[in-house]
Structures are given as structure tokens and as C-alpha cells.
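Heads up, the thing below is written out as C-alpha cells.
The values are calculated or read from the model by the stated rules, or taken from the named source; none is laboratory data. Fair warning: this is a prediction, and the values are worked out from it, not measured in the lab. For neighbour counting, all protein chains shown are included, and Cβ atoms are generated from backbone atoms with ideal geometry for every residue, glycine included.
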Amino acid sequence: MAQLGDQDRDALIAEASLWLARLDAGRASERDLDAWRDVDPRRAAAFAEVASAWTRLDGLRGADDRPVHRPSRRTWLAGGGAALAAGLAGGAYLGRDVLLRDRVVTGVGERRTLALPDGSSVELNTDTEVFWRFDRERRRLWLSRGEAALMIVHDSLRPFELFTSQGLARLAAGQFNARLRPAGLDLIVLAGQAAVRTASGAAQAQVVGPADARQALEVTARHIDVVATPEAEVQAVQAWRRGEIVFEGQALSAAVEEYNRYLTRKLVIGDDRAGALRLGGRFLTGDPDSFLNALRTTFGIRIIEDGPSRILLKSR
């Protein structure tokens, strides 16, 4: 392979710097990075150099308590990487751990609890991915997809920041439920305070006492709405944390859409009449057979095995 010239190497370092900045801000995923890095081993080496410099910067910031001005990591990275290119020695590919963020993921139908170093906790619902990183100044968690219930403890020195594709939420001590939907983010405040900032604006919601109505921040690309959270939604959040799913008068089409989040073999509505049926009840997310049996016996729905990937629901 030909030797890289200084200009080519500077360009690679600059590009790797931008990738690390995007990861730090939650604007890129590990999968995106892998796709870029796997094209050329020189990209992997450049990224390893930048990440190594980032780690050394963290060490400098924590070396002593003297008020000496040092550039932030993001300033270094946003600067295009030219300064890094001049000062970095050659490095080797360091693998996934060099991302400096821990990752937790659940599969379809799986739930998992993550205990964070400060005593906070995150419960991941089905098909959910989060990244997190704590340092001396900040507590950061990225919700990449899915749904998570958060219990945040107080820390007067380090704010808790929740990053999603929609924007940034700062969470005070309390309990929250964050769910990414196709239209955006639903952030329910069960207790505590949340302040959301996006490109389109900012808003906050607060629940102080147990008698206060729960609130939700509904965040889309165009606006942020603060709305009261119906008790049915609060119960739905509590239910999924117990491995349950609750329906209270929803149309079967909506119920199936919700249940399918937990199923690898999807339920499919076969006709409009079946989809319009209203139903209620409490079911286990890991036991779809009980749900199908209730549809068959109570509503007369025909359950049709339709291959390995779906089950068809049709009216009689």
C-alpha cells in the first residue's frame, strides 16, 4: 500500500475527528462508524489516533485542580483535526472499546436493567439500544432506539443528559419514561423535572408531589408539546416494566401494533372488521398465545398460521 502523504493523513485525521464528535453528540451510531471505518484500514488507524488523543485530554483535565485553560474535547474535534494530525504519533486499531461509551442492547421481547455508577438505573424495554458515558463533569445517556424507564439520582455537580435523535433532555432527580416513536420522542415525567431543547425550541415539564398530574413532553422535528399524561399511559409504563401489556378499549389494529414490538413472529390484521374491534385486558408480553386465545374465544377472531414470520388475524 502506498505511503500516505502529509495532506492525505491530515484529511483522514480530520475526518476521524468529525466521526468522534458525531458519536459524542449522539448524531452517529456505532454501526455508522463501522461502515465508514471498515472501508480502509487507514481509517481505523486514524480513528484510533484521535480516540487516543481524546483519552489523553481527559487525563489532562483531571490531572490537577488548577484553573488552567484547556480546550474542550469538542473544540479539538470540531477544529477539523489539523492540530491532531501534526501532533499524533502512529497508532494501532483499538477496536470497539475505543468509542469510550458503554453500550447496552435488548433483543425483541427482552427486558434488561442497567445499574449506572452514580446509583441511577435504566430499564430497557424490548428492542432497545442505549449508550452511556459518565465523567467528572457530566452524566450522559444516548437512547438510540426503543424505550427506557429512567430512575435518576441527584448530583449537584453533574447534570444528567439524555440524548436522542430529536434533541437533548436534561433530567433532574426523579423517574422518567422515554420512548422513541416514528414521529419523535415521548418523554413522560413521572416524578422530577425534565427540560428538552431541540433545533425547533425548548420546553420543560415538572412533577413535584405524588398528587400532581403526570406530564409528557412530545417532541417532534417541528415542535415540543407539554401535555398531561392520562392514567392509562402511566399504567402502561408500569406494566411493561413487569413484563405485561395492558389494553383499555383500543382497536385491535392498535393493540396488534403494540404487541408486535415484543414478537419476532408478527401479528397481521386480515381485514378492516377485525382491526376495528375494541378490546381490553392484561397480558404477558412473553406469552402471545394467551392473547391469541382471548381473541379466538372472546371475539371470534380466526387465527391463521401464515408461515414462519407472521400470524394472520381475520374476522369470521
- Item | Subset of region 202-227 (residues that are among the hydrophobic types (A, V, I, L, M, F, W, C) and outside any strand (DSSP E or B)) | VAL208, ALA211, ALA213, ALA221
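With the requirement that a residue be closer than 17 Å to GLU110 by Cβ, free of Cβ contacts under 8 Å to residues at least 60 places away in the same chain and surrounded by 14 or more Cβ atoms within 10 Å (Cβ to Cβ), what does region 242-264 give you?
Across region 242-264, the qualifying residues are GLU244, ILE245, GLU258, TYR259, ASN260.
Tell me the helices (runs of 4 or more DSSP H) entirely within region 1-80 that contain at least 2 residues that are among the small types (Gly, Ala, Ser) and at pLDDT 65 or above.
Numbers: elements: 6-25, 30-37, 41-61, 73-78.
In region 1-80, 6-25, 41-61 are the helices (runs of 4 or more DSSP H) which contain 2 or more residues that are among the small types (Gly, Ala, Ser) and at pLDDT 65 or above.
A quick yes/no check of all residues on (1) touching a Pro at 6+ places or on another chain (Cβ under 7 Å); (2) within 20 Å of PRO230 (Cα to Cα); (3) buried (at least 17 other Cβ atoms within 10 Å of the Cβ); (4) not hydrophobic (A, V, I, L, M, F, W, C):
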position: HIS154; (1), (2), (3), (4): no, no, no, yes
position: PRO159; (1), (2), (3), (4): no, no, no, yes
position: ALA169; (1), (2), (3), (4): no, no, yes, no
position: VAL189; (1), (2), (3), (4): no, yes, yes, no
position: GLY192; (1), (2), (3), (4): no, yes, yes, yes
position: GLY201; (1), (2), (3), (4): no, no, no, yes
position: VAL207; (1), (2), (3), (4): no, yes, yes, no
- Message: Under 8 Å between Cβ atoms, which residue pairs at least 6 apart in sequence (or on different chains) link something in region 270-281 that is within 16 Å of ASN293 (Cα to Cα) with a partner that is loosely packed, with under 14 Cβ neighbours inside 10 Å and not small (Gly, Ala, Ser)?
- Response: LEU279/THR298
- Pairs under 9 Å by beta carbon, first residue farther than 25 Å from GLN238 by Cα in region 145-159, partner in a strand (DSSP E or B), six or more apart or different chains? ASP155/ARG139; ARG158/PHE134; ARG158/ARG139; PRO159/ARG139; PRO159/ARG170; PRO159/LEU171
- Query: Just wondering, is there one or more residues in region 228-246 that are of a type in the set (Phe, Trp, Tyr) and either more than 17 Å from LEU124 (Cα to Cα) or in contact with a Pro (Cβ under 9 Å, 6 or more places away or on another chain) (or both)?
  - Reply: no
